[in-house]
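In what follows, a single structure is set out as structure tokens and then discussed.
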Amino acid sequence: MSDDGDDIILSELDDEELVEQMWDDLYDGLKDEIVEGVNILLERGWAPYRVLTEALVGGMTIVGKDFRDGILFVPEVLLAANAMKAGMGILKPLLAETGAPRVGKMVIGTVKGDIHDIGKNLVGMMMEGAGFEVVDLGINNPVESYLEALETEKPDILGMSALLTTTMPYMKVVIDTLVEQGKRDDYIVLVGGAPLNEEFGKAIGADAYCRDAAVAVETAKELVGRRHNQGATG
Amino acid sequence: MTDALSKMLADRDWILADGATGTNLFNMGLSSGDAPELWNVEHPDRIEQLYIMAVDAGSDLFLTNSFGGNAARLKLHNAQKRARELSRISAEIGRNVADKRDREIIVAGSVGPTGEIMAPMGALTHELAVEIFHEQADGLKEGGADVLWLETISAPEEYKAAAEAFARVGMPWCGTMSFDTAGRTMMGMTSADMATMVDKLDPGPLAFGANCGVGASDLMRTVLGFVAQGTERPIIAKGNAGIPKYVDGHIHYDGTPDLMAEYAVLARDAGATIIGGCCGTMPEHLSKMREALETRERGPRPTLDQITAKLGAFSSAVDGTEDTDGDDSAPSRRGRRSRRRG
């Protein structure tokens, strides 16, 4: 709304204003400002986990919503995610030291024959931003690489991405193999990609189809939460 | 005006393009994840059959089996060195099919996206992108394609890089983008943006337009977006036959041949000249589209309401071209404070 001219000095803002400013800066993909903001909050004695959830995740949630609603598009989201990544770079070692709670773990990759990783990368970054540990298998993954990663990483979630109608059926190959080996129920399987839809996700036996990165994060949180509850009662 | 497509555009009121490549190849036994372009060498008979099916169904123009035939895509299959060869063969098979007919058939050399993000956001530089497209264009030219046909592009930078490569080989070309994200391309380009961009290219495409995307309704809205820019350039409409569904181990698109016939007529009435299908559009769809275009009289330009009444709802309320004056329904970026610092 306001015109420019007033230089904002981040360190002069109080905590609440600074967090809101960081949401705006994330929205605009301003990497240096995010790094500065993260450092200021840490200096003020904020726990790394609080910086992550309130400042970064809070900001990325707004970005995710506007992406979902067709207000922001891939270039803006990539810029925002890069800014977040810069902030994460500072927080990651600190989070490991302080033993911050982890929401869950995800193995993610684009299926065999498909090199499209824009959507997959966005999901990975947004999931990290939401506090998940993400193992990225990259592009062009045959069923063997998924199985191997599931074995070694023991994630809660398997995420698969495809952007081509010629590669999306491959997701079913992976799921069918998991079923054959009796491992399907060990993981939450999320699928996504431009040509997919909810019905397709159901038909191939995934737990959910996620139409974009923001929905993927929401779905992952919900399903992991449900799983933990089941574990507690069962 | 010597190339075959320019001639056909001058002579004809509408041109029927082809339908799906991938969906048809799956039906012929292609496995998901494998490179369709390798079939140009491994199963040339099936690729020939693919082209013949489109021509028999009434297509005046078909695309070669070279969509993923660029080095960036082929490296997945360890065939990055074969971009030129596989593209050439795809066009040779097509040339052969076209030349056996007694009516004019256009062989359009398909060029799909590299699949990479262009600099500065991504790693692919403009120079490298031009080189990748140039190599493929050379192959398609050698194989005897009449025209180069860029499709399913989402980034304006990539469209421009391909245009530059096509100029280098001196071939006429067409180019479509895919509007699959809230009525825009994945990178946020609107139909209006594209029409403006295309008019600035030199040499520009013989025709431009939209392919793939979400469904026939959305694609029609995009066509109306082009028309609203007042472009004189012929418009291409190549929409999917509905939405993909998974039925009995196969991808099936829910758009019926009758729906696609309706779409073809609407596309023509809206102002498109080259009309075809994309994913899920089979020979039976094309036959119905041809029949409808031949037998039904040209009507007035359809409104958005008429489009949704006949083809179904849009995937998003708006597509970025709406006039925002006095209209609160159009979403916009968050207002923000300034932060010019230091």
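Taken together, the values in this text are just the output of simple stated rules run on the coordinates, not laboratory data. Because the structure is predicted, anything quoted here is derived from the model rather than measured. Cβ atoms come from the backbone with ideal geometry, glycine included; neighbour counts cover every protein chain shown.
Given in Å, the Rg to one decimal and the Dmax to the nearest whole number for the Cα atoms of the stretch A:18-103 are 12.5, 38.
Note on the protein assembly as shown: Cα-Cα pairs beyond 43 Å make up 22% of the total pair count.
Averaged over peptide B:239-245, the number of partner chain Cβ atoms lying within 10 Å of each residue's Cβ comes to 3. Backbone geometry of the stretch B:255-262 corresponds, through the Karplus equation with coefficients 6.51, -1.76 and 1.60 at θ = phi - 60°, to 3J(HN,Hα) couplings of x, 7, x, 5, 5, 5, 5, 4 Hz, x marking Gly and Pro.
Across the stretch A:24-38, coupling constants 3J(HN,Hα) worked out from phi with the 6.51/-1.76/1.60 Karplus curve, θ = phi - 60°, read 5, 5, 4, 4, 8, x, 8, 4, 4, 5, 5, 4, 4, x, 4 Hz, and Gly and Pro carry x. Close lysine pairs were tallied over the stretch B:4-311: pairs 8 or more places apart or on different chains with Cα atoms under 24 Å apart number 20. Excluding same-chain neighbours fewer than eight residues apart, the aspartates and glutamates reachable from A:LYS202 by a Cα-Cα span under 16 Å are A:ASP176, A:ASP185, B:ASP248. Our summary gives chain B a relative contact order of 16 percent, counting only alpha carbon pairs under 8 angstrom and 6 or more residues apart. Binning all Cα-Cα separations of chain B at 20 Å, short to long from zero, yields these whole-percent fractions: 32, 59, 8, 0.
Compute the length gained on full extension between A:ASP14 and A:LYS105: take 0.36 nm times their separation in residues and subtract their Cα-Cα distance, giving the result in nm to one decimal.
In short, 29.4 nm is gained.
Under the criterion of Cα pairs below 8 Å and six or more residues apart, the relative contact order for chain A equals 17 percent. What is the pair-distance distribution P(r) of the stretch A:80-183, computed from all Cα-Cα distances in 5 Å bins starting at 0, with each bin given as a whole percent? Going out from 0 Å in 5 Å bins, the stretch A:80-183 shows 2, 12, 21, 21, 18, 12, 7, 5, 1, 0 percent.
Mean projected area of the Cα convex hull of the stretch A:1-147, taken over all directions, amounts to 10.1 nm². Per-residue shielding of A:199-212, expressed as the average number of other chain Cβ atoms within 10 Å of the residue Cβ, stands at 2.
Among the lysines of the stretch A:1-144, pairs at least eight places apart or on separate chains and with Cα atoms under 21 Å apart come to 11.
Residues of the stretch B:138-155 with an amide N closer than 15 Å to a point placed 7 Å from the Cα of B:ARG101 along the Cα-to-Cβ direction: B:145-147.
Of the trypsin sites (Lys or Arg not before Pro) found in the stretch A:155-234, those in coil by DSSP whose Cβ has at most 15 other Cβ atoms within 10 Å are A:LYS183.
As an exercise, identify the GluC sites (Glu not before Pro) in the stretch B:117-221 lying in DSSP coil whose Cβ has no more than 14 other Cβ atoms within 10 Å. Qualifying residues, ordered by number: none. Model label points for A:ARG184 and B:ARG12, set 7 angstrom from Cα along the Cα-to-Cβ axis, are 4.7 nm apart. Using the Cβ-Cβ distance between B:THR231 and B:HIS252 with R0 = 35 Å, the FRET efficiency computed as 1/(1 + (r/R0)^6) comes to roughly 0.50.
For the options A:LEU42, A:LEU190, A:LEU56, a Gaussian network treatment of chain A with springs between C-alpha atoms closer than 10 Å singles out A:LEU42 as fluctuating the most. Spacing of the modelled spin labels on B:ALA313 and A:GLU222, each 7 Å from Cα toward Cβ, amounts to 1.8 nm. Looking only at B:ASP258, B:ASP13, B:ASP193, which one moves most when chain B is put into a Gaussian network model with springs between Cα atoms under 10 Å? So, out of B:ASP258, B:ASP13, B:ASP193, the one fluctuating most is B:ASP13.
Would you tally the net charge around B:ASN65, using a Cβ to Cβ cut-off of less than 14 Å, leaving B:ASN65 out, and scoring K and R as +1, D and E as -1? In short, -4. Of the residues A:VAL135, A:VAL74, A:VAL215, the one that moves most in a GNM of chain A with alpha-carbon contacts below 10 Å is A:VAL74. Using r as the Cβ-Cβ distance of B:HIS126 and B:LYS81, and R0 as 25 Å, what FRET efficiency do you calculate, to the nearest 0.05? Efficiency, from the Cβ-Cβ distance: 0.65.
Considering only trypsin sites (Lys or Arg not before Pro) in DSSP loops that have at most 12 other Cβ atoms within 10 Å, the longest stretch of chain B without any of them is B:104-297.
A cut-off under 12 angstrom between Cβ atoms defines the neighbours of B:LYS245, and their net charge, with Lys, Arg +1 and Asp, Glu -1, is -3.
Using Cα-Cα distances under 8 Å and only pairs 6 or more residues apart, what relative contact order does the stretch B:115-226 have, in percent? Once normalised by length, the contact order is 23 percent. Averaged over the residues of peptide B:181-190, the number of Cβ atoms from other protein chains lying within 10 Å of each residue's Cβ is 4.
Spin-label pair A:ALA96-B:ASP305: with each label point 7 Å from Cα along the Cα-Cβ axis, the two points sit 6.2 nm from one another.
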